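Trainee: First the structure, which I've put down as structure tokens, then a few questions once you've had a look.
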Amino acid sequence: MLCLTRPTPVAWVTKALNDLDAVLIDHAHCELKAAQNALSLVPRALSRPMADALLSLADEEMRHVRQVLDELDRRGLRLGTPPPDPYAAELRTLANRSRPGGRDARQALLDRLLVAALIEARSCERFRLLADGLAGAGQAALAAFYEELFEAEARHYRVFTELSAEAAGDRALARQRLGELALAEGQVCDKLGAAPAIHG
Ligand SMILES: [Fe+2]
Ligand SMILES: [Fe+2]
């Protein structure tokens, strides 16, 4: 799917469906982090359209936060403090290390946009799996919710890849770097295994 170099293991879907409460709590944190990340990129935007795209994205992620919080409320669950996020942390570390000579501000922005694109791509892949798994388990309402989010994440992936082309100043260069980081993302997924979390 999209640019991903490794599919999510089948075992992940079973674990996720067996511990939906854990998945939903982790998911709420992911949406919150997606909004925070988009906002943190606004001061680094290279143009007003780039800033506007990031603000619109943050708006939508905030709407997703509220929707997942509604589901937590229905289940009597609390958000709590964010769990450690080794997936995003390792991805950023690998992006850093893969430019041994250091990065200028533009390269740093490009990498942040591409890491965000990869995170959206992985969420997109997993929301598809969740939507199908939930539909198969007769949980139609939650399946429809994840179907809607699957479409949103595919759109967000495209937004970040478009912005990365602007940051790179060259579409081919952005694609090449996306390919490098997608390999790193696959390694991180292999290392983390299949916990009941959106990026576990
Ligand atoms: Fe979202
Ligand atoms: Fe998103």
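The values are calculated or read from the model by the stated rules, or taken from the named source; none is laboratory data. Predicted, not measured: the structure shown is a model, and the values here were computed from it. For neighbour counting, all protein chains shown are included, and Cβ atoms are generated from backbone atoms with ideal geometry for every residue, glycine included.
Trainee: List, please: which pairs have Cβ atoms under 7 Å, are six or more places apart or on different chains, and start with a residue in segment 176-193 that is more than 14 Å from Ser98 (Cα to Cα) and modelled with pLDDT under 95 and end with one that is outside any helix (DSSP H, G or I) and among the charged types (D, E, K, R)?
Mentor: Gly186/Arg6; Cys189/Arg6; Asp190/Arg6
Trainee: Hey, among the residues in segment 51-90 that are among the small types (Gly, Ala, Ser) and exposed (fewer than 13 other Cβ atoms within 10 Å of the Cβ), which one's farthest from ligand 1 (Cβ to nearest atom)?
Mentor: Among those residues, the one meeting the criterion is Gly76.
Trainee: Further, regarding this structure: Which members of segment 1-29 meet the condition of being among the hydrophobic types (A, V, I, L, M, F, W, C) and closer than 15 Å to Leu77 by Cβ?
Mentor: Leu20, Ala22, Val23, Leu24, Ile25, Ala28
Trainee: From the list Ala143, Ala117, pick out the single residue that is at pLDDT 95 or above, of a type outside the set (Asp, Glu) and in contact with a Ser or Thr (Cβ under 8 Å, 6 or more places away or on another chain).
Mentor: Checking each option against the conditions leaves just Ala117.
Trainee: Test Ser56 against the stated conditions and say whether it is closer than 30 Å to Ala105 by Cβ and more than 16 Å from ligand 2 (Cβ to nearest atom).
Mentor: Criteria not met by Ser56.
Trainee: Scan the helices (runs of 4 or more DSSP H) fully inside segment 1-120 and keep the ones with 2 or more residues being touching a helix residue (DSSP H, G or I) at 6+ places or on another chain (Cβ under 9 Å) and over 23 Å from Arg155 (Cβ atoms).
Mentor: Here the list reads 10-18, 20-41, 86-97.
Table: residues versus (1) surrounded by fewer than 20 Cβ atoms within 10 Å (Cβ to Cβ); (2) touching a Gly at 6+ places or on another chain (Cβ under 8 Å).
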| position | (1), (2) |
| --- | --- |
| Ala144 | yes, no |
| Ala154 | yes, no |
| Glu162 | yes, no |
| Ala168 | no, no |
| Ala174 | no, no |
| Leu178 | no, no |
| Gly186 | yes, no |
| Cys189 | no, no |
| Gly193 | yes, yes |
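Trainee: For segment 81-119, give me each residue that is in contact (Cβ under 8 Å) with a residue 40 or more places away in the chain and more than 20 Å from the chain's Cα centre (by Cα).
Mentor: Ser98, Ala105, Arg106
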